[in-house]
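Report on one structure; see the data block that follows.
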Amino acid sequence: MSDSLEHLLDAADGETTVRDADVGGKKKDKKKRKPANTERKPGYRGFTGRGGGRASFVEMPPEWRGTTVQVCGLWPFGAGSGTPMVGVPLGRQLITGTALCCDPISWFQRANLIHNPSALVLGKPGLGKSTLVRRMVVGLAGYGVFPMVLGDLKPDYADLIRAMGGQVIRLGRGLGSLNVLDPGATASVAARLPEPARARLTAEAHGRRLNIVSALVTIVRGTPIADTERTILNAALRVLDERHQGVPVLPDLIRVIDEGPERVRAVTLSRGNEDRYRRASDPLHASLLGLLDGPMGETFAHQTTTPLQLDNPGGVCIDISGIDDADAELQAAVLLACWSDGFGAVEAMHALADEGMAPQRHFFVVLDELWRVLRSGRGLVDRVDALTRLNRQRGLGQVMITHTMADLLALADHADRLKAKGFAERAGMVICGGLPQAEMPMVNEVVRMSSIEQRMIVDWSTPPSWDPTLNQDNEPPGRGKFLVKVGGRPGIPFKVELTAVEADVNDTNKRWIHSTTRATRP
């Protein structure tokens, strides 16, 4: 190596080389480090010494305190808090890229972020509302929460529940029957309970059967049932429980009213007069016959085809997509019957847990297409209203899905509109997808949104653009994007990210994708 090259390498290492005289025919090198930089630096009071400008006293700078809205221009380096890491992982935050974990049960029970274990999901069709809820269903099932879809209208959840090994029950004409007089799990559970708890559970089962039969009569008539008729039903059900061996069906109840035993006649004040009893009972008798011989007879006239099984961790889905949307009466009746049966089974499980005979379990109820549920018939608004008020006491978490706030306010009855608006106001969290600009005032009545949040949600509702190279639409800009709002807190925008395993059970456009009319590229 030449002397000039060796000198350059030594300089690159920050060292200098001093070459001594030859010792024994060999050269001896001594390396010495480069001297440190001796440039003077001032202290926090300035340079010391003559002419240095050192200050003996440094005055503190003025300080002001204000909100982030007022001082954001003076101090623009604001940073929001991190997203919660408690709950089901849904996706990534759109601004920071951090993971978002969110579901109504975890945020109520473990994180204490909301006051009610419920959520309302709003968004235009095709932007991924059902996909978001299916992710919650999968995650909560992993936490041990039992998912319940008591009336899948599309269906959107049957494939998922089936993939998790849960129970899928199909109801409709020619598909299956549901006996509204069947106590279901209540009878078997009551036999295992001590006397006080057994009497309480049996009384609840009796009241549930009375309510569902009264609701079915209301749907058939289109008007509420009279107080006298409800009293006749109550007495007839008690006589039926005493006389009938096994599980009765609606024809058995009609037979008791037709025969008119003394306990049933007594509540009509007939006083032994046959004509007075018939005048009081015949309207109810005719309505019950209409249940059997009308469009609902095939569904409610026989024993339950497939009973609910709440010992399956995969959950349960009652698929009623086989009922045509034009058959609103049957759809409403089946929904009410499914809810009555499902909530009766939940009460039975809680009764076992209260007596220490089974572990305490929690349930996650999905009410998808809420607008169709509320418009299906009278009585359904009251059922949803009761569910949103008592879900904490019943150990139930719930999620309600609809397109817009206008869906909740489009009911015919003014009292029903006020109740439906209360669903959104009582929800622990509101999750908004893409919505039109006209929806913002109504959404702001429930959760306060900033102008930036409103603009973001409106932009997500923009239709997809056309891609001429692929001869098809691009993906909508708002697909999978949502904003989580809890009260007046700043919203958390995020995008749902699916795994490859979830792709097959999240296809809600099967009738369009797997179609012979779909264009294909060579």
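Rolling a 1.4 Å probe over the protein heavy atoms of region 360-462, with every protein chain left in place, gives an accessible area that is 52 percent carbon and sulfur. Per residue, region 189-256 exposes 46 Å² of accessible surface when a 1.4 Å probe is rolled over the protein heavy atoms with every protein chain present.
With 23 Å as the limit on Cα-Cα distance, the pairs of Lys421/Lys495; Lys124/Lys154; Lys419/Lys495; Lys421/Lys485 that go past it are Lys421/Lys495; Lys419/Lys495. Region 194-223 and region 384-437 have Cα centres separated by 25 Å. The residues of region 394-503 expose, per residue, 46 Å² of accessible area to a 1.4 Å probe.
Among 213-224, 340-351, 275-286, the peptide with the highest mean count of other Cβ atoms within 10 Å heads the list, and the full ranking is 340-351, 213-224, 275-286. Other residues lying with their Cβ under 15 Å from the Cβ of Tyr44 contribute a combined charge of +3, Lys and Arg counting +1, Asp and Glu -1. Here region 209-328 has 49 percent of its accessible surface on carbon and sulfur atoms, given a 1.4 Å probe and all protein chains in place.
Treating r as the C-beta distance of Phe57 and Tyr143 and R0 as 41 Å, the FRET efficiency rounds to 0.10. Extension gain, Met85 to His414, is 114.3 nm, computed as 0.36 nm per intervening residue step minus the present C-alpha separation. Here's the picture: a label point sits 7 Å out from the Cα of Leu289 along the beta-carbon direction, and within region 247-262 the residues with their amide nitrogen under 20 Å of it are 249-261.
Here is the size of region 78-206 from its Cα atoms: Rg then Dmax, 19.6, 62 Å.
Looking at region 272-317, the accessible area is 48 square angstrom per residue; that uses a 1.4 Å probe and ignores ligands, DNA and RNA. Suppose R0 equals 25 Å; then what is the FRET efficiency for Arg489 and Asp459 from their Cβ-Cβ distance, rounded to the nearest 0.05? Efficiency computed from Cβ-Cβ geometry: 0.70.
If you take all other residues with their beta carbon under 10 Å from the beta carbon of Gly151, and give Lys and Arg +1 and Asp and Glu -1, the sum is -3. Shape class of region 397-447 from the Cα gyration tensor (axes a ≥ b ≥ c, square roots of the eigenvalues): oblate, since a/c reaches 1.5 or more and a/b does not exceed b/c. Sorting the segments 49-62, 144-157, 399-412 by their mean number of nearby beta carbons within 10 angstrom, highest to lowest, gives 144-157, 399-412, 49-62.
Can you give the FRET efficiency to the nearest 0.05 for Ala500 and Ile452, using r as the Cβ-Cβ distance and R₀ = 35 Å? For R0 = 35 Å, the calculated efficiency reads 0.55. Around Gln331, with a cut-off of 9 angstrom between Cβ atoms, what is the net charge of the other residues, counting Lys and Arg +1 and Asp and Glu -1? Around Gln331, the surrounding residues sum to -3.
The mean sequence separation of alpha-carbon pairs under 8 Å and at least six residues apart, normalised by the residue count of region 65-183, gives a relative contact order of 13 percent.
The values are calculated or read from the model by the stated rules, or taken from the named source; none is laboratory data. Given the structure is predicted, the values throughout are model-derived calculations rather than measurements. With ideal geometry, Cβ positions are generated from the backbone for all residues, glycine too; neighbour counts draw on all protein chains shown. What goes into the accessible areas is simple: the full protein's heavy atoms, side chains included, and nothing from ligands, DNA or RNA. Shrake-Rupley method; radii C 1.70, N 1.55, O 1.52, S 1.80 Å.
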